[in-house]
Amino acid sequence: MKQVIVTFLFFLIFLCSHAQKTDRSDLDKLSKKISQFGKLKIIDSALFYSNELLSKSKAIQDTSYELKAYNDLAKYYKLINSQFQSVKYYTKAKELYLIIGDTNTAIKKLRRIAIAQNSLGDYNSSENMAIEGLKLTIGLPDSLALKQKLGLYNSLGIATKRLKNYDDAIIWYNRALKISIDSLKVITLKNNIAVINIQQKKFQLVIDSLSKLVKLPILEKDIKVKLRVMDNLGFAKSKLNYPEAEKELLQVLRIRQKIKDISGQFSSTIHLVKHYQDNKQNRTAIYYAKNAYEIATKMGWATSKVEALSYLIDLKKNPKNEAIEYKNLTDSITTARQQAKNQFAKIKYETDQYREENLKIKEQNAQQQVVLQKQKNQRIVLISLISLLSIGIGFVFYYWKQRNKIERIQERHTTEKRISKKLHDEVGNDIFYLATQLQQDPGFTTDPDKLKILKGFDSVYHKVRDISRDHTVETGEEYGDEVLSLLNSYGSQTTKVVTNTLDADFWSSVSAYKKGELYWVLKELLTNMKKHSKASFVSVQFLKEKQRLIVTYVDNGIGITDKHLISKNGLRNVENRMKDIKGTIIFESEPKQGFKAKIVFTS
């Protein structure tokens, strides 16, 4: 019954383990499918399998694959310009990273959310996300915290600049400058500060700052950064009527056109529009404003189109069409930004709910863990009690079994002694009496045939007497002498029996009934040798190894070729005796190669 229960439990464990492996295998296959479709740019399929991965990973509570599903969904929705969905899944990923304690990756997701919100025009939400990220950096190691802060400060600078909070923007950019160690990043940040100074009409400050930056050799490694510095420097010069300003602005535009820097071309055309507008060259200003409008239209940049249209309305005499488009676009952008705010508010609400649910789940899990731990402790106590009870029952059973075995052996010895005594007292005495009576008849002592009968009686009497003596073994302190006497009794002029010298206390640790069994085993081996082996040399060696007693019997007789002969010669009895004391005996014999037996049992 016990084996059945254990087998059943192992079967259940195997099934659970197999099910988990199967589930993980399915998730792994889904993950590979998503990657394959992503590489092939088949975004619809990538999104479909990402949703399936999310559903299945949540069902089996596999956090690693759930996170992968969130990140894949955010990435692929971003690729198809579905920014709200992208932000939604980045937000869920962020929350889950916080739950599992991966704060660093959670901050990375916050930065992505802040960038998306900036691009959608929800600058307040972007600012809030970046500040939330800054709060999370407090618990990070310094190296990770500095890296994250650099990106967050930059996001805050962009958001506050677009909210026209110029002083705050400069503060954030300066904080980023203090921790930045990358030379190109430092130049970019200083250029961003220069853009804010342009907005604040601090043109000379911009010229002083950017004139130094533009000469730095490191700028040759990134032409786009160099062109941004040159463009802003040229524009600041144009505001203060530097004669070289126009030439510098046109030079930057030509290079940007050559390297196909589209966003840079738009910035250059806008600066040229302002330059020519300031210098009352309206026709040229309109030309560049139209170029800016065409670039924005081609790229689908609504806010950039609005900016270009605003200049065309100011410059043209009858900008009716431009004014209508301007109004439609600004209304559309306003509506889109409001929708963005609403969407982000909805995502925030869902996130707060998600967070609350997770907190409840964590609380429930904590309570469940307490209950489970209590149940586990109870099971441990119960199993311990059952184990102790089983051990106790096993010990009692073993003790009872051993006691019964010893009692059976002792009973057998007692029976053998009783039978041998009865043989001696009744049969032996009767034979002795008959032999004595026959010896009184003179005819029996002189007649050869009758003398044979008399000698036969005498032989039978001695055999009966020997049987009686054989079943009386001294198992106390004299046992060593008893064994030695046994070995010597089988020695003769034709057969030499040898043994090793033993310590006085060699037999002290061996139980009495085991000593008795060993005695009869040795006697059986020696009797077999005397009757059948024709051996001239016999060696019996005794050895102790820790708790084991090893006896090696060797003779140089004719050996035994037939296993049936072993039984016939009484050696089967030897095996039975060894089983009784939980010992072993191994026979080795080859024709004309002698006979060997090795006896091993615990003392």
Item checked: Label-point gap, in nm, between Q493 and I223 - each point 7 angstrom along Cα→Cβ -> 12.4
Note to self: Could you report region 89-219's accessible area per residue, 1.4 Å probe, as an integer in Å²?
What the structure shows: 47
Margin query: Expected output is a single nm value to one decimal: the length gained when fully extending between S485 and T334, i.e. 0.36 nm times separation in residues minus the C-alpha distance. What is it?
Written below: 42.4 nm
Notebook entry, point to check: Considering only DSSP states other than H, G, I, E and B, which GluC sites (Glu not before Pro) in region 243-284 qualify as loop sites with at most 16 other Cβ atoms within 10 Å?
Noted result: E244
Next item on the list: Enumerate the calculated ³J(HN,Hα) couplings along region 260-274 in order (Karplus 6.51 cos²θ - 1.76 cosθ + 1.60, θ = phi - 60°), each rounded to whole Hz, writing x wherever the residue is Gly or Pro.
Entry: 6, 8, 5, 5, x, 4, 4, 4, 5, 5, 5, 5, 5, 4, 5
Next item on the list: Could you check the simple spin-label distance between E132 and K534, using points 7 Å along Cα→Cβ, in nm with one decimal?
Entry: 10.4
Note to self: Using protein chains only and a probe of 1.4 angstrom, how many square angstrom of F84 are accessible, to the nearest 10?
What the structure shows: 60
Check: If you add up the charges near Y89, with Lys and Arg at +1 and Asp and Glu at -1, over every other residue whose beta carbon is less than 9 angstrom from its beta carbon, what do you get?
Finding: +2
Check: Given the pairs K56/K78; K108/K298; K135/K212; K94/K376; K215/K280, which are separated by over 30 angstrom at their Cα positions?
Finding: K108/K298; K135/K212; K94/K376; K215/K280
Next item on the list: Go through region 118-132 residue by residue and turn each phi into a ³J(HN,Hα) via Karplus (6.51, -1.76, 1.60, θ = phi - 60°); whole Hz please, and just put x for glycine and proline.
Entry: 4, 5, 8, x, 8, 6, 5, 5, 4, 4, 4, 4, 5, 5, 4
Checklist line | Probe 1.4 Å, accessible area per residue of region 235-298, Å² | finding: 55
Item checked: Rounded to whole Hz, the Karplus (6.51, -1.76, 1.60) HN-Hα couplings of region 309-314, x for glycine and proline -> 5, 4, 6, 5, 5, 5
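The values are calculated or read from the model by the stated rules, or taken from the named source; none is laboratory data. This is a predicted model, so every value here is computed, not measured. Note that each Cβ is placed from the backbone with ideal geometry, even for glycine, and that neighbours are counted across all protein chains shown. Only protein heavy atoms, including side chains, enter the accessible area calculation; ligands, DNA and RNA are left aside. Shrake-Rupley method; radii C 1.70, N 1.55, O 1.52, S 1.80 Å.
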